[in-house]
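Heads up, the thing below is written out as structure tokens.
The values are calculated or read from the model by the stated rules, or taken from the named source; none is laboratory data. Note that the structure is a prediction, hence the values are computed from the model and not measured. All Cβ positions, glycine included, derive from the backbone under ideal geometry; neighbour counts span all protein chains shown.
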Amino acid sequence: MPDITATRPAAGAPIESAWGGGVHDAVEGIQAGKATVTFASSTASGAVVVTFPRPYATPPNVVASIGALGNYWGLVGGITATQCQVQARSPVSIASGSVDVHWVAVGTPA
């Protein structure tokens, strides 16, 4: 991507066509959200499928963070152009409950 800092547009001004589609794709290619992972009785993990609001041309890069205090960690897998699976785990079994998972996906829009 070319260096565009010197000719950055003012807020509210239209983007020059010379900037190309790269700027649009970079902005439109960022999506984020929150999902809830529910733990069933006596398990140490749970999972949720996150469907992206807008599909990507190819599988994006996805990062997830557990929005709870304690010994939880998250795993992201099964990433496609339209969804991914986020799993939350705890090192100890818990009776039941849920944790929020915050995710960010970055890729090229379809």
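Side notes on the structure shown:
- Odd one out for Gly12, checked against (1) modelled with pLDDT under 85; (2) small (Gly, Ala, Ser); (3) surrounded by 11 or more Cβ atoms within 10 Å (Cβ to Cβ): (3)
- Residue count for the stretch 66-86, restricted to those that are surrounded by 15 or more Cβ atoms within 10 Å (Cβ to Cβ), at pLDDT below 90 and either in contact with a Lys or Arg (Cβ under 6 Å, 6 or more places away or on another chain) or part of a strand (DSSP E or B) (or both): 2
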